Structure formats: structure tokens, C-alpha cells
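**Student:** Just passing along the structure, written as C-alpha cells.
Quick note: the coordinates plus some simple rules give every number you see, no bench work behind them. Since this is a predicted model, take the numbers as computed values, not measurements. Backbone-built Cβ (ideal geometry, glycine too); neighbour counts: all protein chains shown.
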Amino acid sequence: MVGPVVMGQPVVSPVLLVGQAPGTREGVLGRPFAWTAGKTLFDWFARIGLAEERFRQRVYMAAVCRCFPGKNPKGGDRVPSPAEVRNCTPWLEAEVRLLQPTLILPVGRLAIAQFMPIGRLTEVIGSPHRVRVHGRELDLIALPHPSGASTWHRTEPGRSLLDNALASIAKHPAWQAIIL
């Protein structure tokens, strides 16, 4: 993996967003979801009451891996290897223990898999899930990855499932607490 480490602002929040890993531009800009995928992601959250700057001020943003994993020889960014995920797991575990969020928003397959089994995205996106994380029960609402290369969230059934997920987030007490 290639540094620097990319993290969100230190925010005490009942909501924890977990991404996959930063891209090349996030390292240069020094913040998560700072480029194309971020634009899409923050458009989603603006639809339910929280524009990007307010989101960054009110939601703790973490990632499965904190450094850019490098390019995939076939194009795009490389998905972190299982060993890289294991090496970074203690950081995410510590953040969950310290923050004690009541709502986790994992973005993309790799992030979702850190908290619950995942087969098909259609089975996990679109509705809230109750999960046990470090001995605590909490809510998880999974989101698809907002990558420009993915059409999943722009075609059916992904589009409707994304809308359902956003509606569930908007109604959640933790979200309601941070948008006031």
C-alpha cells in the first residue's frame, strides 16, 4: 500500500461511515472521499439533509484500509488484499470501541464484509440490519460503492435499493441527532 494515511476529521458522532480505502487523489488532498466517488456519495447524503461540509463535521469517517492500495493492472484501483485488511483491522476496531456508534454506514462490498456476511449486494443494501460489533448491538445500513465505474447504484434494482437505504438512514435516530 502507498501512503500517506488518509482519515476523516476527529469527530465524536453516533454515526460511523466506513469506506474501502482511499484512492490516489485522497492521499494528495488529505481527506477521504475527496474525488469522483465522494461527489456521488455526498450527493446522496445531501438528498437526506446533510451536505458535504456538514457531513464531514458531524460524521466520523473511517476506512477498512487507510492507505492507497495501488492500481489494478487491469485498470482502476486495486482492492486491498486480505493480508492488508488484517493489518489495518486493529485501527477500525479501536475506532468502533472508542466512538461506540449507534449507526454504521459501510460503503461498498469490502466495508460491508467487515461487519456482516455478504453474498449479493441486493441482499444487504436497502434495509437496516442489526449487527453485533465488539459485544455491542448496533444498526448498520449498507450502501453501494459510489464509484463512477460502477453502474450498480444507477440501474435497477440498485437505484431503488439505494433509495431505500437512504430513506432508512434519514429516519434513524442517530442521523436525526446529527442533522439538527
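**Student:** To one decimal place, what Kirkwood hydrodynamic radius in Å is obtained for the range 116-180 from all pairs of distinct Cα atoms? Let's see the in-between values first.
**Tutor:** Values: mean 1/r = 0.0780 Å⁻¹.
For the range 116-180, inverting the mean 1/r across all distinct Cα pairs yields 12.8 Å.
**Student:** Taking the Cα centre of the chain as origin, sum charge times position over the Cβ atoms of Lys and Arg (+1) and Asp and Glu (-1), and report the length of that vector in debye to the nearest 20. Each step should come with its number before you reach the end.
**Tutor:** Values: 21 positive and 13 negative charges, 33 e Å.
Roughly 160 debye, rounded to the nearest 20.
**Student:** Turning to a different aspect of this structure: Give me the base-10 log of I(q)/I(0) for the range 60-124 at each q in 0.27 Å⁻¹, Debye formula, one uniform scatterer per Cα, rounded to two decimals.
**Tutor:** Listed by q, the Debye log ratios stand at -1.30.
**Student:** Now for a different question. Scan around LYS71 for amide H atoms under 5 Å from its own, H built in the peptide plane at 1.01 Å from N, and keep only partners 5 or more places away or cross-chain.
**Tutor:** Answer set, sorted by chain and number: ARG78.
**Student:** Where does the charge balance sit around ARG31 when Lys and Arg score +1, Asp and Glu -1, over other residues with C-beta under 14 Å from its C-beta? Working shown, then result.
**Tutor:** Numbers: positive: ARG25, LYS39, ARG56, ARG66; negative: GLU26, GLU52, GLU53.
Once all neighbours under 14 Å are counted, the net charge is +1.
**Student:** Given the DSSP H assignment, sum -39500 (n - 2.57) over each helix run of at least 4 residues in the chain and divide by its residue total; what's the result at 222 nm in deg cm²/dmol, nearest 500? Intermediate results must be reported in sequence, preceding the final value.
**Tutor:** On the way: 8 runs with 73 residues, N = 180.
Here the helix-only value at 222 nm equals -11500 deg cm²/dmol.
**Student:** Over all distinct alpha-carbon pairs, what is the Kirkwood Rh of the range 1-96 in angstrom?
**Tutor:** Numbers: mean 1/r = 0.0724 Å⁻¹.
For the range 1-96, inverting the mean 1/r across all distinct Cα pairs yields 13.8 Å.
**Student:** Under 14 Å Cα-Cα from LYS74, which aspartates and glutamates qualify once same-chain neighbours fewer than 8 residues away are excluded?
**Tutor:** none
**Student:** Let me ask you something else. Roughly speaking, what is the stretch gain from THR122 to HIS134, that is 0.36 nm per residue apart minus the C-alpha to C-alpha distance, in nm to one decimal? Can you show the working numbers first?
**Tutor:** Working: separation 12, 0.36 × 12 = 4.32 nm, distance 2.59 nm.
Once the chain is fully extended between THR122 and HIS134, it gains 1.7 nm.
**Student:** Which entry in (i) 129; (ii) 152; (iii) 110 matches volume of the Cα convex hull per residue in Å³ derived from the coordinates of this structure?
**Tutor:** From the options (i) 129; (ii) 152; (iii) 110, the structure gives (iii).
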